[in-house]
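The values are calculated or read from the model by the stated rules, or taken from the named source; none is laboratory data. None of the values given here were measured: they were computed from a predicted structure. Virtual Cβ from ideal backbone geometry, glycine too; neighbours counted across all protein chains shown. Heavy atoms of the whole protein, side chains included, go into the accessibility calculation; ligands, DNA and RNA do not. Shrake-Rupley method; radii C 1.70, N 1.55, O 1.52, S 1.80 Å.
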Amino acid sequence: MSHELEDVWPLSPLQEGLVYHALLDSEGPDVYAVQLILDFDGVVDAVALRAAGQALLDRHANLRAAFWIDDLDQPGRRGGGG
């Protein structure tokens, strides 16, 4: 998998709201993002687990999405005239 940027899109109104609420209370839990911790019993094949995760990301572009908020007038939108 290439680690180059594929596309840049402005945020939809819903995405803007999600980012706003995530930034509004950065100390509390993000109710829109779910994280899961798994405990495995026994030996885990780390190479196979990493390969499976990479295959999942390679197959589904939406799982590679990110919100870039640094140095932007609005999340997902570059400022300045152009």
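For the reader, a short list of remarks on this structure follows.
- Measuring nothing but alpha carbons in the stretch 25-67 and taking Rh as the Kirkwood radius, the Rg to Rh ratio lands at 1.08.
- Peptides 41-53, 5-17 ranked from most to least packed, by the mean per-residue count of other Cβ atoms within 10 Å: 5-17, 41-53.
- Accessible area per residue (1.4 Å probe, heavy atoms of protein chains only) ranks ARG64, ARG59 as ARG59, ARG64, with the largest value leading.
- Each label point was placed 7 Å from the Cα along the Cα-to-Cβ direction; for ALA33 and VAL8 their separation is 2.1 nm.
- Inter-site label distance for ASP45 and TYR20 at 7 Å from Cα along Cβ, in nm: 4.8 nm
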